[in-house]
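Asker: The structure that follows is given in the form of structure tokens.
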Amino acid sequence: MEMNNEDNSLVLTPMECAKLLKCGRGTIYEAIRQNSLPHIHFGKKILITKAALRKMLEGATSDGADP
């Protein structure tokens, strides 16, 4: 996962996450709803930590099953 050094943010919004993963925002919100994407609620905002996203992606298998 490529993350710009210019962006020192520790978190992503669902829209930023969708752009980074090259998928639709609906896919991200559905993963959040199903709790398959690590996220936190911060007030009314939903945030995805880059560390949790990286860990999730590193643990993913090619068939989509959890390790």
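Any read-out appearing in this document is the output of simple, stated calculations on the displayed coordinates, not a laboratory observation. This one's a predicted model, so the numbers in the text were calculated from it and none came from an experiment. Ideal geometry is used to build each Cβ from the backbone, glycine not excepted, and the neighbour counts take in all protein chains shown.
Asker: Give me the net charge of VAL11's neighbourhood, meaning all other residues with Cβ under 15 Å from the Cβ of VAL11; Lys, Arg count +1, Asp, Glu -1.
Answerer: Charge balance near VAL11 sits at +4.
Asker: At 0.36 nm per residue, minus the direct Cα-Cα distance, what do MET15 and GLU58 gain on full extension? Give it in nm, one decimal, please.
Answerer: So the extension gain works out to 13.4 nm.
Asker: Sticking with this structure for a sec: Classify the range 11-58 from the C-alpha gyration tensor, please: rounded if a/c falls under 1.5, else prolate or oblate depending on whether a/b exceeds b/c.
Answerer: Taking the square roots of the gyration eigenvalues as a ≥ b ≥ c, the range 11-58 is rounded.
Asker: Hey, can you grab everything whose amide H is under 5 Å from the amide H of LEU12? Only 5+ residues off in sequence or another chain; H modelled, so Pro and N-termini drop out.
Answerer: Amide H neighbours of LEU12, under 5 Å, 5+ apart: ILE48, THR49, LYS50.
Asker: Starting at the first residue of the range 17-32, write each ³J(HN,Hα) from the Karplus equation 6.51 cos²θ - 1.76 cosθ + 1.60 with θ = phi - 60°, in whole Hz, x for Gly and Pro.
Answerer: Result, ordered by residue: 5, 4, 5, 5, 8, 6, 9, x, 5, x, 5, 5, 5, 5, 5, 5 Hz.
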